[in-house]
């Protein structure tokens with residue numbers, strides 16, 4: 001079994017979507033018997049989860065805190081509920097409410113349980129504790145394989 005985690009930006013530029021989707025698909029199709037770890041955040045996490053399930057992988061959802069589902073709005077909320085219902089397994093972290101500490105703990109949990117971390121990341125510092133850069137740095141501390149997917153020259157919003 002290959003364990004693949006995701007860390008990535010929530011607000012993906014429209015111009016990045018095809019590049020990121022293709023990159024995730026290429027990585028996933030390189031492996032058999034995949035369990036994917038995601039907190040199902042909007043953007044990269046949900047995109048990864050949809051592609052993982054389409055590739056026949058098992059989804060393990062990491063819920064950072066009580067009240068996390070209420071942080072989603074509109075289409076992201078509908079996608080969250082759909083993906084959560086498709087999960088093979090769910091782990092709930094012991095945080096009383098959503099926030100940077102809970103998001104950082106979820107990123108660390110995913111890095112600790114993954115053999116490979118896919119990072120949909122522009123290479124810039126995190127905009128708050130628990131951002132993509134933090135998850136990448138922690139995965140590298142753990143000597144995990146990190147694959148960065150981001151189109152060259154494209155700035156994040």
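The values are calculated or read from the model by the stated rules, or taken from the named source; none is laboratory data. Everything quoted here is computed from the prediction, not taken from an experiment. We place every Cβ from the backbone using ideal geometry, glycine too, and count neighbours over all the protein chains shown.
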Could you figure out which of (1) in contact with a helix residue (DSSP H, G or I) (Cβ under 9 Å, 6 or more places away or on another chain); (2) buried (at least 18 other Cβ atoms within 10 Å of the Cβ); (3) closer than 25 Å to residue 34 by Cα isn't true of residue 112? (2)
What is the residue count in the stretch 139-157 for residues that are surrounded by fewer than 18 Cβ atoms within 10 Å (Cβ to Cβ), assigned to a helix (DSSP H, G or I) and within 17 Å of the chain's Cα centre (by Cα)? 1
Does residue 136 meet the test of being outside any strand (DSSP E or B) and either within 18 Å of residue 36 (Cα to Cα) or in contact with a strand residue (DSSP E or B) (Cβ under 6 Å, 6 or more places away or on another chain) (or both)? yes
Which residue, of 98, 94, is part of a loop (DSSP other than H, G, I, E, B), touching a strand residue (DSSP E or B) at 6+ places or on another chain (Cβ under 9 Å) and at pLDDT 95 or above? 98
The residue that is farthest from residue 37 (Cα to Cα), considering only those in the stretch 57-88 that are out of contact with any strand residue (DSSP E or B) (no Cβ under 8 Å at 6 or more places or on another chain) and in a loop (DSSP other than H, G, I, E, B), is 73
If you go through the stretch 30-51, how many residues are farther than 14 Å from residue 107 by Cβ and touching a helix residue (DSSP H, G or I) at 6+ places or on another chain (Cβ under 6 Å)? 5
Selection over the stretch 32-56 where residues are assigned to a strand (DSSP E or B) and in contact (Cβ under 8 Å) with a residue 40 or more places away in the chain yields a count of 3
I'm told residue 77 meets every condition in (1) surrounded by fewer than 17 Cβ atoms within 10 Å (Cβ to Cβ); (2) more than 25 Å from residue 25 (Cα to Cα); (3) within 16 Å of the chain's Cα centre (by Cα) except one. Can you identify the failing condition by its number? (2)
